[in-house]
Amino acid sequence: MRNKKTIPSILKAIGLSILLTTMSMAAIPATPGPYVGVYDVTDTTARISFTDNSADEDGFKIYIHDENDVFDATLAVNPVIVPANNGGSLFQYMNISGLSAHTLYKLHVSAFNVDGESAKTVPSSENNGRFRTSPPVCQPAMPGPYVGTYNITNTSARVSFLDNSVNEDGFRIRVYTFHTNILVDTIDVGPVAGTGGFQYANITGLTAHTLYKVVVTAFASGCGESMGTMQSSINNGRFRTTNETCPLMPSAYVGTYNVTNSSARISFIDNSNNEDGFKVYVYDGATLVKTLTLPAVVGIGGYQYANITGLNANTFYTVRVSAFNTSCESPKTTPSSTTNGRFKTLP
């Protein structure tokens, strides 16, 4: 007679065998791809293709993620369901719509059937599960790409850039600290008529001896912003404020004109907004013969003038100009040619 204790063991073995048989019959489809092609991209749509690696899928799922590879819950349809590939082709295709313009997306594709869902594909590069939609058709063109930076002080700078659009409502200038990428200022300036003209802006309230970068976009109502300019070097979208409270040296060019046998007139551009005034040094050879003190100019970019009198006839003179305030004096300009800081009085 068979031992009664063996019957439960036999039943357990039979049950486990049935379970294992059932599990072996479950057939989750293989992961598609791994290459997920992306093409025909517009501002709101894209077409994708991928290799079907199964013969038993009920369909595929396309999961759309944002640029941080996080599932995008803002889309009306996500994931996108794709029918099974019953057409005899190795490839399956799908059009995706309802996307946002000029946005980076990452796609993960899986196959599924009644037994479960495969692992998902992993986007790895542009056109392999990763793509950026195009800008809106009406979006203005990016300004620049060169963004000039000049007239830099310890708290301010001036920028200029080229307008490449005819439909902008204006331009947006974003100022960031260079290494920490902190947005410190946003300045909107008006449009420029036509294309090919320049626009300018003064940036103020900056910190001394700090490296900044400037990103400029064009914007239009209902069309969004253009791509931003890319800073590439000092004086192209990147600058460092000065490390001093001294005013900047006036323009290197010091015009000399209206020369007589005993006098001359000079002019130069103010590059600072913190000067108390200017000093004009007049030399006969290496000898300093005159020093003039001139008042400040309001703002940056204006001209200052001076008449130099009491000179000797038929004599070569050189002129050097500086800006000063209560803290210190800027470097002096360097004469370079006749009519630039250098002149000869008439006989």
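The values are calculated or read from the model by the stated rules, or taken from the named source; none is laboratory data. Because the structure is predicted, anything quoted here is derived from the model rather than measured. All Cβ positions, glycine included, derive from the backbone under ideal geometry; neighbour counts span all protein chains shown.
Of all the residues that make up the stretch 272-326, how many are in contact (Cβ under 8 Å) with a residue 12 or more places away in the chain and within 20 Å of Ser337 (Cβ to Cβ)? Qualifying residue count for the region: 20. Restricting attention to the stretch 122-143, the residues that are surrounded by fewer than 23 Cβ atoms within 10 Å (Cβ to Cβ) and part of a loop (DSSP other than H, G, I, E, B) total 12. Do we find that Ser110 is at pLDDT below 95 and of a type in the set (Gly, Ala, Ser) in this structure? Considered against the rule, which asks whether it is at pLDDT below 95 and of a type in the set (Gly, Ala, Ser), Ser110 comes out as no.
The strands (runs of 3 or more DSSP E) found wholly in the stretch 170-270 and carrying at least 1 residues that are surrounded by 13 or more Cβ atoms within 10 Å (Cβ to Cβ) and at pLDDT below 95 occupy 211-220, 237-240. Sub-6 Å Cβ pairs linking a first residue in the stretch 79-98 that is at positive phi to a second residue that is assigned to a strand (DSSP E or B), at least 6 apart or interchain, number zero.
Do you know which residues across the stretch 52-68 are in contact (Cβ under 8 Å) with a residue 40 or more places away in the chain and not hydroxyl-bearing (Ser, Thr, Tyr)? Across the stretch 52-68, the qualifying residues are Asp52, Asn53, Asp56, Glu57, Asp58, Gly59, Phe60, Lys61, Ile62, Ile64, His65, Asp66.
Among the residues of the stretch 330-344, the ones that are farther than 16 Å from Asn261 by Cα and crowded, with 16+ Cβ neighbours inside 10 Å come to 6 in all.
Taken together, Asn307, Asn271 contain a single residue that is over 34 Å from the mean Cα position of the chain (by Cα) and either outside the structural domain of Ser322 (by TED's automatic domain parsing) or under 19 Å from Pro335 (Cβ atoms) (or both), which is Asn307. Restricting attention to the stretch 54-70, the residues that are surrounded by 15 or more Cβ atoms within 10 Å (Cβ to Cβ) and closer than 16 Å to Asn128 by Cβ add up to 4.
Per the listing Tyr176, Tyr212, the residue uniquely of a type outside the set (Gly, Ala, Ser) and in contact with a Ser or Thr (Cβ under 8 Å, 6 or more places away or on another chain) is Tyr212. Of all residues in the stretch 288-295, none satisfies being closer than 23 Å to Thr153 by Cα, under 35 Å from the mean Cα position of the chain (by Cα) and surrounded by fewer than 19 Cβ atoms within 10 Å (Cβ to Cβ). When the criteria are applied in full, Val319 meets the requirement of being of a type in the set (A, V, I, L, M, F, W, C) and surrounded by 12 or more Cβ atoms within 10 Å (Cβ to Cβ).
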